[in-house]
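Here the structure is laid out as structure tokens; the discussion comes afterwards.
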Ligand SMILES: [Cu+2]
């Protein structure tokens with residue numbers, strides 16, 4: 001978590017207005033078992049308002065999500081993948 005906070009603070013200092021910060025979080029998505037799964041996971045995450053970028057790594061079974069923390073949060077991201085059939089958790 002410390003690293004995430006530091007990154008968010010850095011991003012806020014560099015580019016975002018004081019009331020919004022762009023955060024990047026890595027989600028572990030163990031349920032991705034075939035090459036089509038990342039497409040579903042990526043689509044689910046991209047639909048969450050505030051998500052700016054989603055990169056899914058099938059080999060590592062993880063999704064790297066960049067989002068505006070004034071519009072969404074990690075709970076909404078994990079809920080989105082869970083609702084799509086892929087429960088996820090934040091990687092430390
Ligand atoms: Cu699949």
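Return the residue satisfying two criteria in turn: it lies in the range 43-58 and is buried (at least 19 other Cβ atoms within 10 Å of the Cβ) and under 10 Å from the mean Cα position of the chain (by Cα), and of such residues it is farthest from residue 28 (Cα to Cα).
Step one: list which residues in the range 43-58 are buried (at least 19 other Cβ atoms within 10 Å of the Cβ), which gives 44-45, 51, 54, 56.
Now restrict to residues that are under 10 Å from the mean Cα position of the chain (by Cα): 45, 51, 54, 56.
On the way: 45: 13, 51: 17, 54: 13, 56: 10 Å.
For the range 43-58, the residue satisfying everything is 51.
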Tally of residues being under 12 Å from residue 78 (Cα atoms) and not in a loop (DSSP other than H, G, I, E, B) across the range 23-37: 4
State which residue is nearest to the chain's Cα centre (by Cα) when the search covers only the range 65-85 and only residues that are farther than 23 Å from residue 19 by Cα and either touching a residue at least 40 places away in the same chain (Cβ under 8 Å) or surrounded by 15 or more Cβ atoms within 10 Å (Cβ to Cβ) (or both). 78
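Scan the range 38-68 for residues that are more than 16 Å from the ligand (Cβ to nearest atom), under 16 Å from residue 81 (Cβ atoms) and assigned to a strand (DSSP E or B) and jot them down.
Step one: of the range 38-68, the residues more than 16 Å from the ligand (Cβ to nearest atom) are 46-55, 64-68.
Next, only the ones that are under 16 Å from residue 81 (Cβ atoms) stay: 46-51, 53-55, 64-67.
Correct list: 51, 53, 54, 55, 64, 65, 66, 67.
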Of the residues in the range 24-37 that are more than 14 Å from residue 53 (Cβ to Cβ) and touching a residue at least 24 places away in the same chain (Cβ under 8 Å), the one that is nearest to the ligand (Cβ to nearest atom) is 37
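We did not get these values from a lab; they are worked out from the coordinates using the rules stated. None of these values were measured; they are calculated from a predicted model. For neighbour counting, all protein chains shown are included, and Cβ atoms are generated from backbone atoms with ideal geometry for every residue, glycine included.
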